[in-house]
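Have a look at the structure below before the remarks.
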Amino acid sequence: MSAKHDFKLHAHPHVPTHAADEVVVHFHGVRGTIACPGGEYIRYGGNTSCVEIRCGPHLIILDAGTGLRPLGVELTQNGKIDCDLLLSHTHLDHIAGLPFFIPLFMPGNKMQLWAGHLAGHEENLKQVIKRMMAAPLFPIPIEALSAEIGFRDFKAGDSWELKPGVKIRTAPLNHPNGATGYRIEYAGRSVCYITDTEHVEGELDKNILGLIEGADVFIYDSTYTAEEYPRYRGWGHSTWQEGARLADAAKVKLFTVFHHAPEHDDDTMDEIAAAVRRVRPASAIAHEGMILKP
């Protein structure tokens, strides 16, 4: 990675205590569609979407894929937690880890769940999660969880202050049943999380461009390569090539390839990584355990 972008890239599995003005991005699940166990997924990981962000003392989690389970195990080692979980949407690969998140079963913990894609739908966020955790789909109902849990529905495009000094901006994404992109700003730095969105060929998405302008870290749905994309047109996902174009147009510092297709094993991801860095050296390929400090 180019030193002029002043990023620190780590692979240590545990994030230490943080300075008051520090921003830390820790990837716990980077896969899309479905979790992928097996030896061919060792280097990049097989858990679905889950990214931990520390803004000084504040804990934010982006999506609740299967990567949320190991994050929960780690968090229980550090006492009580108070966190905000921002969901891109509620397709199964992005919420499958929620019923297995140990802190939800522990009294004294607090979690606020946020979603911006359900406006106009028949069910709100709490109803969607409650249905997922009901028989015959799951044996433990949502009422059995011991933590203090809040459910917050908003409309994609809204902005607000999440915690003191932590600002959230959002935008709607192009995905079946809807999805939300996030920009998190803290202490002069910004992290953008844009996953599960399909580009329009020949155009740059203005909603995304406005959200990611000048961002320090831009995490983007790079499920397919440009060569693969025509076979999956209409499925609601994008390519790393489109992500690189958006990053360049918006003058993003670090473009991060994310939401890897289950068909892309470690060897394929190595090939993609090499191709990405030839096109845009200031890029990272997300893998489980990767830590960024913008």
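Quick notes on this structure:
- Debye equation applied to the C-alpha atoms of segment 102-143, log10 I(q)/I(0) at 0.18, 0.28, 0.32 Å⁻¹: -0.65, -1.04, -1.10
- Segment E201-E74, extension gain: residue separation times 0.36 nm, minus the distance between their alpha carbons: 41.6 nm
- Antiparallel bridges, percent of DSSP beta bridges restricted to the chain (to nearest 5): 50 percent
- For segment 66-82 versus segment 214-275, the inter-centroid distance based on Cα atoms is 28 Å.
- Helix 240-249 vs. the chain, principal-axis angle (Cα, 0 to 90°, nearest 10): 80 degrees
- In segment 13-160, the ratio of gyration radius to Kirkwood radius, Rg to Rh, stands at 0.96 when only Cα atoms are counted.
- With both residues required to sit in segment 84-222, DSSP beta bridges show an antiparallel share near 55%.
- Taking 0.36 nm per residue of separation and subtracting the Cα-Cα distance, full extension of the segment from Q112 to W160 would add 15.9 nm.
- Each 10 Å bin from zero holds the following percent of Cα-Cα pairs in segment 145-263: 14, 44, 30, 11, 2.
- Principal axis extents of the C-alpha atoms in segment 124-204 (largest first, rounded to whole Å): 45, 37, 17.
- Computed from Cα positions, the angle between helix 266-279 and the longest principal axis of the chain comes to roughly 50 degrees.
- Radius ratio Rg over Rh of the chain, counting only Cα atoms, Kirkwood formula for Rh: 0.94
- Formal net charge of residues neighbouring G29 (Cβ-Cβ distance under 11 Å; K, R +1; D, E -1): -2
- Evaluated with a Cβ-only charge set (Lys, Arg +1; Asp, Glu -1), segment 3-293 carries a dipole of roughly 680 debye about its Cα centre, given to the nearest 20.
- If both residues of a DSSP beta bridge must be in segment 150-219, then about 85% of such bridges are antiparallel.
- Under 21 Å from the Cα of K206 - lysines, other chains or at least 8 residues apart: K155, K167, K251, K253
- Ordering of 134-144, 78-88, 254-264, 60-70 by packing is 60-70, 254-264, 78-88, 134-144, highest average first (other Cβ atoms within 10 Å, averaged per residue).
Every number in this text was worked out from the coordinates using simple rules, so none of it is lab data. Note that this is a predicted model, so its numbers are computed, not measured. Reconstructed Cβ throughout: ideal geometry from the backbone, glycine too, with neighbour counts over all protein chains shown.
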